[in-house]
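The values are calculated or read from the model by the stated rules, or taken from the named source; none is laboratory data. Just so it is clear, the model here is predicted, and its values are computed rather than measured. Using ideal geometry, Cβ is built from the backbone for each residue, glycine included, and neighbour counts are taken over all protein chains shown. Just the protein is used for accessible areas: all its heavy atoms, side chains included, with ligands, DNA and RNA removed. Shrake-Rupley method; radii C 1.70, N 1.55, O 1.52, S 1.80 Å.
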Amino acid sequence: MPALAQFIAANALPLLAGLIVVSGLLTRLLWRRAAFYRASANAQSLTAVGLSIALLALLLFLTVASLLSHISVFDALLANELRRSISRPMLQAIFMITQFGNFMTLLAVVIGVALALLLRRRWLELALWLVTTAGNGLLNRALKLSFERARPLYDHGLVIEPSYSFPSGHASGSLAVYGMLTWLLLHRLPASARLPLLIGTTTLILLIGFSRVLLQVHYFSDVIAGFASAAAWLSLCIVVAERLRRRQACRA
């Protein structure tokens with residue numbers, strides 16, 4: 001296990017780049033599968049896919065949470081290795097990335113999108129937007145208070161995080177906010193722009209989430225759990241949103 005932590009810390013950036021490439025390929029595959037279901041008007045199959053993603057994400061979160069005492073050993077080793085291996089200039093660059101997932105940044109996005117939907121009187125989308133983003137924030141807060149996990153030791157001074165560590169609020173919030181924003185934009189963009197948007201959003205979310213590990217303000221399992229909890233919640237919200245949108249379209 002120490003050897004694995006050393007390897008990951010020494011190759012953190014190439015591994016993150018590889019993860020982004022793999023996630024882009026998976027996003028493309030999932031998008032094509034979803035497009036097939038939409039083209040065949042198979043709403044039930046599309047719903048089943050969404051619910052399956054939500055269930056898998058929930059199982060991932062429960063697995064990480066149940067094994068947290070065992071995973072903590074690896075988490076601590078990796079955090080210590082990253083503290084020794086990442087240079088100050090690299091930390092400053094990573095710090096710029098993590099700003100996109102800060103509470104105030106996400107709050108500004110939530111308020112801005114809410115105002116835009118309000119001005120256009122898109123009541124259903126406004127309700128879905130607020131339920132998804134605010135609900136995920138409340139969920140993350142409740143989980144943090146439930147686990148009360150202390151953060152890793154960090155002394156670079158670039159950021160101060162007084163809240164609990166598990167699960168990561170940056171990972172969770174960025175996935176919920178940027179993920180739901182992407183869903184809203186997909187219905188307004190030409191078909192050729194939708195897949196690039198999805199891949200771009202996935203890349204941004206991964207960079208934000210794992211920037212927290214590289215900054216040593218979160219353990220690796222914090223970020224995985226943050227992604228998992230938000231993915232479960234977002235998938236459920238999108239399933240409901242799609243069904244309501246289809247019902248509204250049929251009435252129109």
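Quick notes on this one:
- Sorting 126-136, 19-29, 185-195, 94-104 by their mean Cβ neighbour count within 10 Å, with the most densely packed peptide first, gives 126-136, 94-104, 19-29, 185-195.
- Accessible surface area normalised per residue over the chain is 53 Å², counting heavy atoms of protein chains with a 1.4 Å rolling probe.
- Each peptide in 198-204, 165-171 gets a packing score, the mean of other Cβ atoms within 10 Å over its residues, and the list from highest to lowest is 165-171, 198-204.
- Look at the Cα gyration tensor of region 187-252: its axes a ≥ b ≥ c give a/c of at least 1.5 with a/b at or below b/c, and that counts as oblate.
- Accessible-area order (highest first, 1.4 angstrom probe) of the listed residues Arg245, Arg88: Arg88, Arg245
- Of all accessible heavy-atom area on the chain, the percent that carbon and sulfur account for (1.4 Å): 70
- Across the chain, the convex hull enclosing all Cα atoms gives 129 Å³ per residue.
- At an R0 of 30 angstrom, the distance between the Cβ atoms of Leu119 and Ser192 translates into a FRET efficiency of 0.60.
- Taking label positions 7 Å along the Cα-Cβ direction at both Leu19 and Ser146, the computed distance is 2.3 nm, reported to one decimal.
- Karplus-derived 3J(HN,Hα) values for region 206-211, using 6.51 cos²θ - 1.76 cosθ + 1.60 with θ = phi - 60°, are 5, 4, 5, x, 7, 5 Hz; glycine and proline are entered as x.
- Note, ³J(HN,Hα) from phi for region 149-161, Karplus 6.51, -1.76, 1.60, rounded to Hz, x at Gly and Pro: 8, 6, 7, x, 6, 9, 9, 6, x, 6, 8, 10, 10
- Between Arg243 and Ser69, the contour length at 0.36 nm per residue exceeds the Cα-Cα span by 58.7 nm.
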